[in-house]
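A quick write-up on the structure given underneath.
The values are calculated or read from the model by the stated rules, or taken from the named source; none is laboratory data. Remember, predicted model here, so these are calculated numbers, not experimental data. Reconstructed Cβ throughout: ideal geometry from the backbone, glycine too, with neighbour counts over all protein chains shown. Accessible surface is based on the protein model in full, side chains and every heavy atom, while ligands, DNA and RNA are left aside. Shrake-Rupley method; radii C 1.70, N 1.55, O 1.52, S 1.80 Å.
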Amino acid sequence: MISVDNLAVEFSGHTLFSEVSFTINENDKIALMGKNGAGKSTMMKIIAGVQKATRGNVRCPKDAVIAYLPQHLLTEDDTTVFDEASKAFSHVFEMRDEMEALNKQLETRTDYESEAYMKIIERVSDLGEKYYALEDVNYDAEVEKALKGLGFKPEDFTKQTNAFSGGYRMRIELAKILLQKPDLILLDEPTNHIDIESVIWLEDFLVNKAKAVVVISHDRAFVDNITNRTIEVTMGRIYDYKANYTHYLQLREERRAHQIKAYQEQQKFIADNMAFIERFKGTYSKTNQVSSRERMLEKLERIEVDEIDTSALKLRFPPSSRSGDYPVTVKEVSKSYDDHVVFKNANMSIARGEKVCFVGRNGEGKSTMIKAILGQIDVEGTCSLGHNVKVGYFAQNQAALLDESLTIFQTVDEVAQGDVRTQIKSILGGFMFRGDDIDKKVSVLSGGEKTRLAMVKLLLEPVNLLILDEPTNHLDLKSKDVLKTALQNFDGTLVLVSHDRDFLQGLSKKVFEFKDQRVIEHFETIDAFLERNRIESVKALNL
């Protein structure tokens, strides 16, 4: 359907990738994978038509619709949520309005034989053929279904888009994309700003309703659930697997094993020939053989082994003093903002060493409860921290609290204690700060880089109660694995807010659900909770 032919991107003498070719067929659900900096987002932008390749091109049918959701979206709209989402059908409404205007002209004009009159008739005929060929759709109902699926409440539909956070405005763009029913949907980290229920809704849509999809995501469960093909970008080229992410990892290991074997055999071949050349160089009777082998080695295409990060960084939180039996106690707590009730009469007690997660749609009160527990906002009822509790808190805006005058290394060096000081560079490497990066000032870092640095800083502080609010938004798969392993080995108490199911798996055995102004306690794993609620969610949305 869509053909990518010999793409190459070069800049400042560096080749990002070259001679990249593949075809995207109808119903392909492709995960675009590779380490940060490999060129995934660049390749997606080229396919979307928002960036030019140095060489090569992307071919697609004339009427093909390609929809692209970038990772970072800046919108300055002053319309309502419903009207903005309805722009997905603007081409339909424009056709209808143009037909109506042209038909009015035909009613009033009397130059029936003129060329201009005939052109209007041709245009009306052309528009009518396209317009009436469209399936009969209740556009308002489609917009409503998409917005509800992505976490908007009916009362949100008439609010101005500029009243919403960046995450919610990205959802509006996502709703517009889904409503267009494009031939190809390109999604760059679509789950970073949506809650678990919305991720599940999006999965169902992409699997059951979408045509071709290409996605970049660090949410392993999301990628596994929606994809049937994986394209890996590595060392300037691609490998194409007809497999989802988990199966691709197995196939990649097999590929590397073959590469290593072939590389070793080639190195032995080269060494044997080099030894022959050195031994008989200058020997008259062997001159032709020596020259032949030298030419052969010059032309030999060297086998490369794909780079893979084999470092196994094991990070442990520094020891902290023991807290009381119940680090967190919440009794009959209610919170409202004017007439809006966030939750009422909420109760929870979290025992020492428990690992719990807060789940629910955005806006249901998860972050509000954390602020209440930390004493950052006033509430009705009582929230108390137990005896000798030392809190480590990672907020969604944690990056803003960093000292921008320090370097990356200095930021971490300030909090590192004991033997861990010898591991600072390895720890930073585990969170994608490598080489000269560690000497950069915090002030020049991107928002995502600052968030990762704030996470590293927290990991090195001695605490016995960790409260993490969406900690994985800017972490790649390796960094998430490092953090997850550290949390699994953490012997303190953990309260975790996250929409990343793969990250949550194995981290908690109790779920606090925030829903309809209530906080409901479930004594089950996140997998059991989601399996039970997935069915309810799909039924509720009538998909």
Item to check | Residue under evaluation L475, criteria (1) at pLDDT 90 or above; (2) under 18 Å from F222 (Cβ atoms), criterion not met | outcome: (1)
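Modelled with pLDDT under 85, open to solvent by less than 70 Å² (accessible area, probe 1.4 Å), out of contact with any Gly (no Cβ under 8 Å at 6 or more places or on another chain) and over 25 Å from R171 (Cβ atoms): does that describe D97?
Spelling it out, it is not the case that D97 is modelled with pLDDT under 85, open to solvent by less than 70 Å² (accessible area, probe 1.4 Å), out of contact with any Gly (no Cβ under 8 Å at 6 or more places or on another chain) and over 25 Å from R171 (Cβ atoms).
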Checklist entry - Within the range 196-302, which helices (runs of 4 or more DSSP H) (wholly inside it) include 2 or more residues that are within 30 Å of L174 (Cα to Cα) and touching a residue at least 60 places away in the same chain (Cβ under 8 Å)? => result 196-208, 220-226, 245-280
Item to check | Selection status of A212, touching a helix residue (DSSP H, G or I) at 6+ places or on another chain (Cβ under 6 Å), modelled with pLDDT of 85 or more and surrounded by 20 or more Cβ atoms within 10 Å (Cβ to Cβ) | outcome: no
Checklist entry - Restricted to the range 20-68, and to residues that are of a type in the set (D, E) and over 29 Å from K480 (Cβ atoms), which residue is surrounded by the fewest Cβ atoms within 10 Å (Cβ to Cβ)? => result D63
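How many residues are loosely packed, with under 13 Cβ neighbours inside 10 Å and under 18 Å from L475 (Cβ atoms) if we restrict to the range 436-446? Working first, answer last.
Residues of the range 436-446 that are loosely packed, with under 13 Cβ neighbours inside 10 Å, as a first pass: 436, 439, 443-444, 446.
With the extra rule that they be under 18 Å from L475 (Cβ atoms), the set shrinks to 446.
Total meeting the criteria: 1.
Among what's in the range 332-351 and is farther than 12 Å from Q517 by Cα and without any contact (Cβ under 8 Å) to a residue 40 or more places away in the chain, pick the residue that is surrounded by the most Cβ atoms within 10 Å (Cβ to Cβ).
Filtering the range 332-351 for residues farther than 12 Å from Q517 by Cα gives 332, 337-339, 347-351.
Checking the rest, the ones that are also without any contact (Cβ under 8 Å) to a residue 40 or more places away in the chain come to 337-339, 349.
On the way: Y337: 9, D338: 5, D339: 5, S349: 14.
Checking each candidate, the answer is S349.
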Item to check | Cross-chain or 6+ apart pairs with Cβ under 6 Å, the range 436-447 first and under 13 Å from T411 (Cα atoms), then open to solvent by 50 Å² or more (accessible area, probe 1.4 Å) and assigned to a helix (DSSP H, G or I) | outcome: I438/F409
Next on the checklist: Give all pairs with beta carbons closer than 7 Å in which a residue from the range 399-428 that is under 19 Å from V442 (Cβ atoms) meets a residue that is assigned to a loop (DSSP other than H, G, I, E, B) and open to solvent by 30 Å² or more (accessible area, probe 1.4 Å); count only pairs at least 6 apart in sequence or on separate chains.
Outcome noted: T407/K440; I408/K440; T411/D403; V415/E461
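Would you mind finding the one in E155, E173 that is assigned to a helix (DSSP H, G or I) and in contact (Cβ under 8 Å) with a residue 60 or more places away in the chain?
Values: E155 fails: in contact (Cβ under 8 Å) with a residue 60 or more places away in the chain.
Selected residue: E173, the only one of E155, E173 that is assigned to a helix (DSSP H, G or I) and in contact (Cβ under 8 Å) with a residue 60 or more places away in the chain.
Any idea which of N27, N36 is part of a loop (DSSP other than H, G, I, E, B), closer than 20 Å to K211 by Cβ and within 23 Å of the chain's Cα centre (by Cα)? Full working, then the answer.
Details: N36 fails: closer than 20 Å to K211 by Cβ.
Answer to the check: N27.
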Checklist entry - What residue, of F514, F523, F433, is open to solvent by less than 30 Å² (accessible area, probe 1.4 Å), modelled with pLDDT of 90 or more and farther than 23 Å from T246 by Cα? => result F514
Checklist outcome for this item: If we ask which residues in the range 250-262 are at pLDDT 85 or above and surrounded by 15 or more Cβ atoms within 10 Å (Cβ to Cβ), their number turns out to be 1
Checklist outcome for this item: Per the filter on the range 39-66, residues more than 22 Å from G236 (Cβ to Cβ) and small (G, A, S) are G49, A64
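Got at least one residue in the range 414-428 being part of a strand (DSSP E or B) and either within 23 Å of D469 (Cα to Cα) or open to solvent by 80 Å² or more (accessible area, probe 1.4 Å) (or both)? Spell out the reasoning first.
Just the residues of the range 414-428 that are part of a strand (DSSP E or B), to begin with: none.
Looking through the range 414-428, none of the residues is part of a strand (DSSP E or B) and either within 23 Å of D469 (Cα to Cα) or open to solvent by 80 Å² or more (accessible area, probe 1.4 Å) (or both).
Among the residues of the range 352-361, are any touching a residue at least 12 places away in the same chain (Cβ under 8 Å), assigned to a strand (DSSP E or B) and open to solvent by 10 Å² or more (accessible area, probe 1.4 Å)?
Within the range 352-361, the subset touching a residue at least 12 places away in the same chain (Cβ under 8 Å) is 352-361.
From what is left, the residues that are assigned to a strand (DSSP E or B) are 355-359.
Retained after the next criterion (residues that are open to solvent by 10 Å² or more (accessible area, probe 1.4 Å)): 355.
Within the range 352-361, one or more residues are touching a residue at least 12 places away in the same chain (Cβ under 8 Å), assigned to a strand (DSSP E or B) and open to solvent by 10 Å² or more (accessible area, probe 1.4 Å).
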Item to check | Conditions (1) open to solvent by 60 Å² or more (accessible area, probe 1.4 Å); (2) touching a Lys or Arg at 6+ places or on another chain (Cβ under 9 Å); (3) not assigned by the TED database to the domain that holds L374: number failed by N489 | outcome: (3)
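Does L147 satisfy the condition of being closer than 30 Å to R361 by Cα, among the aliphatic types (A, V, I, L, M) and modelled with pLDDT of 85 or more? Let's see the steps before the verdict.
On the way: closer than 30 Å to R361 by Cα: yes; among the aliphatic types (A, V, I, L, M): yes; modelled with pLDDT of 85 or more: yes.
Answer is yes for this residue.
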Item to check | Exclusive hit being in contact with a strand residue (DSSP E or B) (Cβ under 8 Å, 6 or more places away or on another chain), small (G, A, S) and farther than 28 Å from Q488 by Cα, set S367, S323, S334, S349 | outcome: S334
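Within the range 362-409, restricting attention to residues that are of a type in the set (V, I, T) and over 30 Å from D439 (Cβ atoms), which residue is surrounded by the fewest Cβ atoms within 10 Å (Cβ to Cβ)? Spell out the reasoning first.
Narrowing the range 362-409 to residues of a type in the set (V, I, T): 368, 370, 373, 377, 379, 382, 389, 391, 407-408.
Add one more test, that the residue is over 30 Å from D439 (Cβ atoms), and what stays is 368, 370, 373, 377, 379, 382, 389, 391.
On the way: T368: 19, I370: 19, I373: 25, I377: 14, V379: 21, T382: 11, V389: 20, V391: 19.
Of everything passing the filter in the range 362-409, T382 is surrounded by the fewest Cβ atoms within 10 Å (Cβ to Cβ).
Looking at F89, F17, can you tell me which residue is surrounded by 15 or more Cβ atoms within 10 Å (Cβ to Cβ) and part of a helix (DSSP H, G or I)? Give the steps one after another, and end with the answer.
Details: F17 fails: part of a helix (DSSP H, G or I).
Selected residue: F89, the only one of F89, F17 that is surrounded by 15 or more Cβ atoms within 10 Å (Cβ to Cβ) and part of a helix (DSSP H, G or I).
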Item to check | Filtered residues of the range 365-381 (kept if assigned to a loop (DSSP other than H, G, I, E, B), farther than 11 Å from K335 by Cα and touching a residue at least 12 places away in the same chain (Cβ under 8 Å)) | outcome: L374
Checklist entry - Does G151 satisfy the condition of being in contact with a helix residue (DSSP H, G or I) (Cβ under 9 Å, 6 or more places away or on another chain), at positive phi, open to solvent by less than 30 Å² (accessible area, probe 1.4 Å) and of a type in the set (G, A, S)? => result yes
